[in-house]
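The values are calculated or read from the model by the stated rules, or taken from the named source; none is laboratory data. All figures in this text were calculated on a predicted structure; none of them were measured in a lab. Methodologically, a virtual Cβ is constructed for each residue, glycine included, from the backbone with ideal geometry; neighbour enumeration extends over all protein chains shown. Ligands, DNA and RNA are excluded from the accessible area calculation, which covers all protein heavy atoms including side chains. Shrake-Rupley method; radii C 1.70, N 1.55, O 1.52, S 1.80 Å.
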Amino acid sequence: ASVLKEKLQEKNFNVTFDTTPHDYTSYDNAYKNSLKTINTNLDKYNRFGIMIDVHRDAAADLSFGPTTTVNGKSTAQLMLVVGVGYSGFPNEYWEENLALALKITKLGEEMYPGLFRHILVRDARYNQHLAPGSLLVEVGATGNTLEEAYYGARCFANILNKLYK
């Protein structure tokens, strides 16, 4: 996430970067806890053009590290995750968020073939119900090296730059 922030700022994006720990009481409460942080930032800044929740895929197989080669470098593959809501907890922005994920993935495939894994659509919200343009990106997985993840994040920043500038 810090590499993505740095690269977007280099490209003159206004970036709000919040590293508040949200899983300190339990992993299960992470989204409940982050809801407060996001709402505080939305109150403070009014709105965002895009909100990105950055993760790495916490696969059960700790050696799992999906990679591709970009410009001759081993690069962590990215996966966008869109929550469509679930019983009693709708996400009115899911279609808009999915459309954005498709745009990003399509452009990413043109710029860096193989960088993206499939888009994961789930019966969840991931706090994406708070604003349009909300996505979760998984930068690699537990088995990727930091260098692979950093390069994947740099590629992601280049894609966003081309999409938004």
(request) Using the charge dipole of the chain (Lys, Arg: +1 at Cβ; Asp, Glu: -1 at Cβ; taken about the Cα centre), state which of H55, G143, N41 has its Cα farthest towards the positive end. (result) N41
(request) Could you give the size of the charge dipole of segment 33-165 about its Cα centre, using +1 on the Cβ of each K and R and -1 on the Cβ of each D and E, expressed in debye and rounded to the nearest 20? (result) 360 debye
(request) Step through the residues of segment 70-76 one at a time and calculate ³J(HN,Hα) from phi using the Karplus curve (6.51 cos²θ - 1.76 cosθ + 1.60, θ = phi - 60°), rounding each to whole Hz and writing x for Gly and Pro. (result) 10, 6, x, 10, 5, 10, 5
(request) Calculate one ³J(HN,Hα) per residue across segment 2-11 by plugging θ = phi - 60° into the Karplus curve 6.51 cos²θ - 1.76 cosθ + 1.60, and present them in order as whole Hz with x for glycine and proline. (result) 5, 5, 4, 4, 4, 5, 5, 5, 4, 9
(request) With a 1.4 Å probe and every protein chain kept in, tell me what percent of the accessible surface of the chain is carbon plus sulfur. (result) 49 percent
(message) To the nearest 20 Debye, how big is the dipole of segment 63-117 about its Cα centre, given +1 on the beta carbon of each Lys and Arg and -1 on that of each Asp and Glu?
(response) 280 debye
(message) Helix 146-164 against the longest principal axis of the chain: what's the angle in degrees, Cα atoms only, rounded to the nearest 10?
(response) 70 degrees
(message) Using a probe radius of 1.4 Å on heavy atoms only, what accessible surface per residue do you get for the chain? Whole Å² is fine.
(response) 57 Å²
(request) Could you work out the relative contact order of the chain, using alpha carbon pairs under 8 angstrom and six or more residues apart, expressed as a whole percent? (result) 32 percent
(request) Would you calculate, for the chain, the mean residue ellipticity at 222 nm contributed by helices, counting each DSSP H stretch of 4 or more residues as -39,500 (n - 2.57) and dividing by all residues, to the nearest 500? (result) -12500 deg cm²/dmol
